[in-house]
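Below: the structure, in structure tokens.
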Amino acid sequence: MEKDAKIYVAGHRGLVGSAIVRKLQAEGFANLVLRTRAELDLTRQAEAEAFFAEERPAYVFLAAAKVGGILANDTRPGDFIRDNLLIQTHVIEAARQSGVKKLLFLGSSCIYPKLAPQPMAEDCLLTGPLEPTNEPYAVAKIAGLTMAKAYRKQYGFNAISLMPTNLYGPGDNFDLASSHVLAALLRKFHEAKATNAPTVSVWGTGAPRREFLHVDDLADAAVFLMERYESGELINVGVGEDIAIRDLAALIREVVGYTGDIVYDASKPDGTPRKLLDVSRLQALGWRARISLREGVAATYAWYCANHGG
Ligand code: GFB
């Protein structure tokens, strides 16, 4: 990417989009085009096409999506499949029409089969049943990956697709009904400590395992791949190790400094038992994650206290 190239980061206020903007600015890319949802509703085709026709960006990071944790996906499946299909379809087509040079699309490790062999390599996609709690979201994201490959084949459109693992970091969603586990537990332990609550509720059994990548590492990988990855083949982005939810809860309790007890809420779903990514393809390109989980959790908690917690 040329330093003066016009770069559109769709979803720039979200967890991933804001990290990509920070990374691009740190690397000296100053010609960024950003639009809030109020300024540009990507679920509306006419708005998306008018924006691309007017701005004609050279590069697009498609970080706009409808995302959420296991409960949000399980309770609002219609919203998740509709909004993600609309956003990605409008952006990929308008980008092609307006002559975008390269577009980066983001999948998610939760769209691999529920019981895929671990660690999951890129070729296990579509080899088995999906996790029921987020199947509509997964089908939408699989459609986006498929569209990116189809546009490369038919139109020679240079779209690359990343498959990140579970993400966390500054700018995360801390709403307890729609957030992902790490952000939710930071808030829960923080509030329990502040109110001297005797216990903190952790959903499910605590047995599932999850891999966590700090969003600044994801942003680093996204710029790294936008610069040098030219294949239409999916590429996993992760840290290559995972942790049981119960151990994550113990880590967050320690970082926050909470001394009460953890209770498990069996009425909430566990979801996929494990979804560890095989990151050998990305490592072969010379990229590795740098932020350890403890370091990342501590930094994210500091950010939370400075921006939300008080
Ligand atoms: O992060 P999470 O909501 O998403 O849940 P998934 C991960 C695990 O943490 C599940 C447990 O086993 C939850 O039961 N958990 C424990 C909690 N306490 C909590 C809590 O307070 N809040 C939340 N949210 N979880 C998502 C997909 O699956 O992964 C999305 O549904 C997305 O589509 C995301 O792709 C990356 O990792 O289970």
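Worth pointing out:
- Residue count for the stretch 89-105 satisfying the condition of being farther than 11 Å from A159 by Cβ and either among the hydrophobic types (A, V, I, L, M, F, W, C) or in contact with a Ser or Thr (Cβ under 8 Å, 6 or more places away or on another chain) (or both): 2.
- Qualifying residue in the stretch 282-298 (condition: within 12 Å of the ligand (Cβ to nearest atom), over 22 Å from L106 (Cα atoms) and either among the β-branched types (V, I, T) or outside any loop (DSSP other than H, G, I, E, B) (or both)): no
- Of the helices (runs of 4 or more DSSP H) that lie entirely inside the stretch 66-168, those containing 3 or more residues that are away from the ligand (no atom under 14 Å from the Cβ) and farther than 17 Å from L225 by Cβ span 77-97, 135-155.
- Considering T75, T43, the condition of being over 24 Å from M163 (Cβ atoms), surrounded by fewer than 23 Cβ atoms within 10 Å (Cβ to Cβ) and of a type in the set (V, I, T) is satisfied by T75 alone.
Listed here are the residues, each with its yes/no results for (1) of a type outside the set (K, R); (2) closer than 22 Å to G169 by Cα; (3) surrounded by fewer than 16 Cβ atoms within 10 Å (Cβ to Cβ).
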site: A30; (1), (2), (3): yes, no, yes
site: T36; (1), (2), (3): yes, yes, yes
site: A48; (1), (2), (3): yes, no, no
site: A64; (1), (2), (3): yes, yes, no
site: V67; (1), (2), (3): yes, yes, no
site: L86; (1), (2), (3): yes, no, no
site: T89; (1), (2), (3): yes, no, no
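- In the stretch 245-256, the residues that are closer than 18 Å to P208 by Cβ form Cβ pairs under 7 Å with partners that are more than 13 Å from the ligand (Cβ to nearest atom) and of a type in the set (V, I, T), at six or more places apart or across chains, as follows: L251/V297; I252/V297.
- Within the stretch 42-92, the set of residues being closer than 24 Å to P136 by Cβ, touching a Phe, Trp or Tyr at 6+ places or on another chain (Cβ under 8 Å) and not hydrophobic (A, V, I, L, M, F, W, C) comprises K66, G68, N73, P77, N84, Q88.
- Selection status of N173, under 20 Å from the mean Cα position of the chain (by Cα), in a helix (DSSP H, G or I), within 16 Å of the ligand (Cβ to nearest atom) and of a type in the set (S, T, N, Q): no
- Count of residues meeting criterion [of a type in the set (A, V, I, L, M) and without any contact (Cβ under 8 Å) to a residue 24 or more places away in the chain] in the stretch 134-156: 1
- Residue list for the stretch 88-102, filter: in contact with an Asp or Glu (Cβ under 9 Å, 6 or more places away or on another chain) and of a type outside the set (S, T, N, Q): H90, E93, A94, K102
- Cβ pairs under 9 Å, 6+ apart, first in the stretch 273-284 and polar (S, T, N, Q), second outside any loop (DSSP other than H, G, I, E, B): S280/N236
- Residue that is nearest to the ligand (Cβ to nearest atom) [pool: residues in the stretch 53-65 that are out of contact with any helix residue (DSSP H, G or I) (no Cβ under 9 Å at 6 or more places or on another chain) and part of a loop (DSSP other than H, G, I, E, B)]: A58
- Within the stretch 226-279, being within 30 Å of I160 (Cα to Cα), polar (S, T, N, Q) and either away from the ligand (no atom under 14 Å from the Cβ) or touching a Cys at 6+ places or on another chain (Cβ under 6 Å) (or both) holds for one residue alone: S231.
- Some residue of the stretch 177-185 being within 13 Å of the ligand (Cβ to nearest atom), touching a residue at least 60 places away in the same chain (Cβ under 8 Å) and surrounded by fewer than 20 Cβ atoms within 10 Å (Cβ to Cβ): yes
- Residue list for the stretch 14-60, restricted to those being closer than 21 Å to H180 by Cβ and without any contact (Cβ under 8 Å) to a residue 40 or more places away in the chain: V21, R37
- Of all residues in the stretch 186-205, those satisfying the criterion of being within 7 Å of the ligand (Cβ to nearest atom) and closer than 14 Å to D247 by Cβ are V202, G204.
Any read-out appearing in this document is the output of simple, stated calculations on the displayed coordinates, not a laboratory observation. Here the structure is a predicted model, which is why all the values come from computation and not from measurement. Backbone-built Cβ (ideal geometry, glycine too); neighbour counts: all protein chains shown.
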